Amino acid sequence: MSHEAHEPETPHLDFQGTTPYEDYVKADVLTHLQHTLSDDPGEMVFLVTTQVMELWFTVVVHEWETAAKALREDDVPTAVDALKRSVRELEALNASWKPLSGLTPAQFNSYRGALGEGSGFQSAMYRRMEFLLGDKSASMLVPHRGAPRVHAELEKALHEPSLYDEVLRFLARRGHPVPDEVLRRDVSQRYEPSPQVEAVWTAVYSGDERDEVARLGEALTDVAELVWRWRNDHLVATRRAMGAKTGTGGSAGVAWLEKRAQKSVFPELWTARSYV
């Protein structure tokens with residue numbers, strides 16, 4: 001018997017054309033989308049981090065749309081699975097702030113001019129996330145009028161029920177007293193909290209916490225918490241990099257982000273806890 005060490009078998013390395021990995025992942029496309037506009041070496045991490053955030057927005061939108069569709073079909077397990085996946089994805093999204101969280105004003109100013117009028121609030125995929133959360137506003141379509149496909153996708157999302165609308169419709173089908181004015185509301189408008197919906201969640205949380213609806217409520221609360229953390233991390237990173245100056249693209253900068261950070265996602269899921 002030979003006592004010589006045997007190297008592991010060499011994998012197949014010779015392919016005609018691109019590799020199967022490239023065909024699936026499109027890594028060559030992804031890694032050649034970075035075109036910095038300044039000579040500052042710090043701009044690269046800002047650009048790549050922003051692009052990574054856009055990819056995570058895309059995944060989260062997919063998960064929430066999957067959950068909304070499942071709820072329309074009364075399929076709670078599929079909806080909860082999608083929401084739980086989105087929680088892990090939101091954690092990864094929120095971690096994207098770390099490379100930018102220590103930016104000083106001088107460091108940010110060294111390439112800020114390259115952004116021109118570009119601003120995060122112009123992100124169409126992030127807007128779709130907000131629309132799915134029930135934060136609707138027709139005015140947010142205006143920046144995208146020059147991009148027909150993007151504008152059409154956002155307009156469609158504006159007029160579709162949000163994820164929370166689908167949750168409330170599901171609750172009503174389960175016999176919970178969700179008021180008609182909530183169920184029949186204009187879904188293109190921002191969702192406003194309802195005392196009756198608060199009472200529904202109070203009843204859910206006062207019952208068996210192992211109940212399917214209670215587990216759905218907790219999955220939604222996990223999502224809401226991480227969205228709140230995203231907004232606060234955005235606020236802190238911006239405040240550290242530019243203080244209270246006007247934001248890029250003419251936005252209100254920190255003042256606008258502070259207002260966003262004060263808003264609760266799925267509000268009655270939070271206020272109901274005071275009555276359980």
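The single condition among (1) loosely packed, with under 15 Cβ neighbours inside 10 Å; (2) in contact (Cβ under 8 Å) with a residue 12 or more places away in the chain that residue 208 does not satisfy is (2). Residues that are out of contact with any Phe, Trp or Tyr (no Cβ under 8 Å at 6 or more places or on another chain) and among the aliphatic types (A, V, I, L, M) were ranked within region 119-139; the one that is farthest from residue 58 (Cα to Cα) is 138.
Does region 43-70 hold any residues that are out of contact with any Leu (no Cβ under 8 Å at 6 or more places or on another chain) and not hydroxyl-bearing (Ser, Thr, Tyr), and which are they? Correct list: 44, 47, 48, 52, 54, 55, 59, 62, 69, 70. Of the residues making up region 166-193, those that are closer than 19 Å to residue 224 by Cβ, touching a residue at least 60 places away in the same chain (Cβ under 8 Å) and assigned to a helix (DSSP H, G or I) number 4. For region 40-76, the candidate set comprises residues that are under 18 Å from residue 154 (Cα atoms) and of a type in the set (D, E, K, R); within that set, the residue that is least open to solvent (accessible area, probe 1.4 Å) is 63. For region 259-276, filtering for residues that are touching a helix residue (DSSP H, G or I) at 6+ places or on another chain (Cβ under 6 Å) and either at pLDDT below 95 or farther than 14 Å from residue 203 by Cβ (or both) leaves 5.
Against the test of being within 23 Å of residue 75 (Cα to Cα), of a type in the set (Gly, Ala, Ser) and open to solvent by less than 20 Å² (accessible area, probe 1.4 Å), the options 214, 203, 241 yield a single qualifying residue, 214.
Just one of the listed residues (39, 74, 14) is in contact (Cβ under 8 Å) with a residue 60 or more places away in the chain, part of a loop (DSSP other than H, G, I, E, B), farther than 18 Å from residue 125 by Cα and of a type in the set (Asp, Glu), and it is 74. For region 116-128, the count of residues that are modelled with pLDDT under 95, in a helix (DSSP H, G or I) and polar (S, T, N, Q) is at least one.
Taking first residues from region 77-92 that are surrounded by 14 or more Cβ atoms within 10 Å (Cβ to Cβ) and partners that are among the polar types (S, T, N, Q), the Cβ contacts under 6 Å between residues at least 6 apart in sequence or on separate chains come to 82/66.
Of the numbered criteria (1) surrounded by 16 or more Cβ atoms within 10 Å (Cβ to Cβ); (2) under 21 Å from the mean Cα position of the chain (by Cα), the one residue 259 fails is (1).
The set of residues in region 93-114 that are in a helix (DSSP H, G or I) and exposed (fewer than 12 other Cβ atoms within 10 Å of the Cβ) comprises 98, 106, 113.
If a residue has to be closer than 25 Å to residue 81 by Cβ and in a helix (DSSP H, G or I) to count, how many in region 204-216 make the cut? Number satisfying all stated conditions: 7.
The values are calculated or read from the model by the stated rules, or taken from the named source; none is laboratory data. Not measured: the values here are computed from a predicted model. Every residue, glycine among them, receives a Cβ derived from its backbone with ideal geometry; neighbour counts consider all protein chains shown. What goes into the accessible areas is simple: the full protein's heavy atoms, side chains included, and nothing from ligands, DNA or RNA. Shrake-Rupley method; radii C 1.70, N 1.55, O 1.52, S 1.80 Å.
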